[in-house]
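Some notes on the structure that comes next.
The values are calculated or read from the model by the stated rules, or taken from the named source; none is laboratory data. It should be emphasised that the depicted structure is a prediction, and the values quoted were computed from it without experimental measurement. Glycine also receives a Cβ, built like all others from the backbone with ideal geometry; neighbour counts cover every protein chain displayed.
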Amino acid sequence: MSKLLVEVYTKKDCNSVCKLYTGKCALCREATEIIFKVNSDIPFDFKEVDIDSSEELNRAYRDDIPTVFINGKKAFKFKVDETEFRKKVRKEIIKAGLMKLRKQHYS
């Protein structure tokens, strides 16, 4: 079974966006800190996606950073609640394990 993938859509220089909300990029920093904290307890792959790497991503997410995806599903926008993040990560791990069991059963 491959590991769960958590992606954070952000900007390398998000100060201009985050200043509107918090003053200095605190949303992105806080989201990443929570994700790393949970990752120390529950193993998953982490990927930071710079929305400036693509015009399409920039259009879609420029006003919504950070946006967090768990296995491709949008899970959080702006704020990451640690308890909810843990629940969602565990749910995806359980779901992936059940899918693997089903595949083995029907093979």
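Here are K47, K103, K12: which of them is modelled with pLDDT under 80 and touching a strand residue (DSSP E or B) at 6+ places or on another chain (Cβ under 8 Å)? Let's see the steps before the verdict.
Numbers: K47 fails: modelled with pLDDT under 80; K103 fails: touching a strand residue (DSSP E or B) at 6+ places or on another chain (Cβ under 8 Å).
Exactly one residue qualifies, and that residue is K12.
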message: Test of understanding: among F85, F78, which residue is at pLDDT 95 or above and among the aromatic types (F, W, Y)?
response: F85
task: Go through the stretch 51-72 and give me each residue that's of a type outside the set (A, V, I, L, M) and touching a helix residue (DSSP H, G or I) at 6+ places or on another chain (Cβ under 8 Å).
output: D52, N58, Y61, R62, D63, P66, T67, N71
- prompt: Looking only at strands (runs of 3 or more DSSP E) that fall completely inside the stretch 22-82, which ones have 3 or more residues that are surrounded by 13 or more Cβ atoms within 10 Å (Cβ to Cβ) and either in contact (Cβ under 8 Å) with a residue 60 or more places away in the chain or of a type in the set (D, E, K, R) (or both)?
  reply: 67-70
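Quick check on my filter: what residues within the stretch 52-81 are within 12 Å of the chain's Cα centre (by Cα) and among the acidic types (D, E)?
Within the stretch 52-81, D81 is the sole residue that qualifies.
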